[in-house]
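**Student:** The structure's right below; bear with me while I get my questions together.
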Amino acid sequence: MPKWKVVTEFTFNAAHYIKDYNGPCGRMHGHNYQVRIEVTSTQLHASQYCPHPVMVADFRTLRWPKQDSTKGGLDHGVLNEIMPPEYETTAEMIAKYIYDETKKKLPPETQLKVHVSETPNSWVEYED
Ligand SMILES: [Zn+2]
């Protein structure tokens, strides 16, 4: 079946620490997080900003984590304070958090994949 894949990449800066981690990751520090969000769909949709069914997903919707943390995003925030306590702030769980929050904003039949990287050499992918 024909399908579209929409991909967007962006970065955000944030502080975090890993609770009970025995080592430097247990102390508050920061990362320039690199995020890639991929959405696949066999249908096109309207968006929050456009009434016509012409897109898989609106880039403005997908790029919500890049927004300032005082405006609902993650940029220049403390992830331990922003994310609910059931999420630890490992790259794995940040990817799941971004996935879960993005999924709520998308039409149900879309397929979502989220990549999160703390450094240029390692990353996590999450999909359901
Ligand atoms: Zn870290």
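The values are calculated or read from the model by the stated rules, or taken from the named source; none is laboratory data. Because the structure is predicted, anything quoted here is derived from the model rather than measured. Glycine also receives a Cβ, built like all others from the backbone with ideal geometry; neighbour counts cover every protein chain displayed. Accessible surface areas use protein heavy atoms only, side chains included; no ligands, DNA or RNA. Shrake-Rupley method; radii C 1.70, N 1.55, O 1.52, S 1.80 Å.
**Student:** If the cut-off is 18 Å between C-alpha atoms, which lysines fall inside it for residue 71, apart from same-chain ones fewer than 8 positions away?
**Tutor:** 104, 105
**Student:** Residue by residue through the range 115-125, what is 3J(HN,Hα) from phi via Karplus (6.51 cos²θ - 1.76 cosθ + 1.60, θ = phi - 60°)? Round to whole Hz and write x for glycine and proline.
**Tutor:** Karplus-based 3J(HN,Hα) across the range 115-125 equals 10, 10, 10, 8, 9, x, 9, 8, 8, 10, 10 Hz.
**Student:** Also, I was wondering about something else. To the nearest 10 degrees, how steeply does helix 91-103 sit against the main Cα axis of the chain, on a 0 to 90 scale?
**Tutor:** So the inclination is approximately 30 degrees.
**Student:** Round to a whole number: what % of the accessible area of the chain belongs to carbon and sulfur, probe 1.4 Å? Mind dumping the intermediate values first?
**Tutor:** Numbers: 3860 of 7590 Å².
In the chain, the share of accessible area belonging to carbon and sulfur is 51 percent.
**Student:** In Å², and per residue, what accessible area does the chain have when probed at 1.4 Å with the other protein chains present?
**Tutor:** It amounts to 59 Å² per residue over the chain.
**Student:** Please enumerate, by chain and number, the aspartates and glutamates with C-alpha under 15 Å from the C-alpha of residue 66, excluding those fewer than 8 residues away in the same chain.
**Tutor:** Within reach: 9, 58, 75, 101, 118.
**Student:** Same structure again: Which order do peptides 102-112, 69-79 fall in by mean Cβ count within 10 Å, highest first?
**Tutor:** Numbers: 102-112: 14.1, 69-79: 16.0.
Top to bottom by mean Cβ count within 10 Å: 69-79, 102-112.
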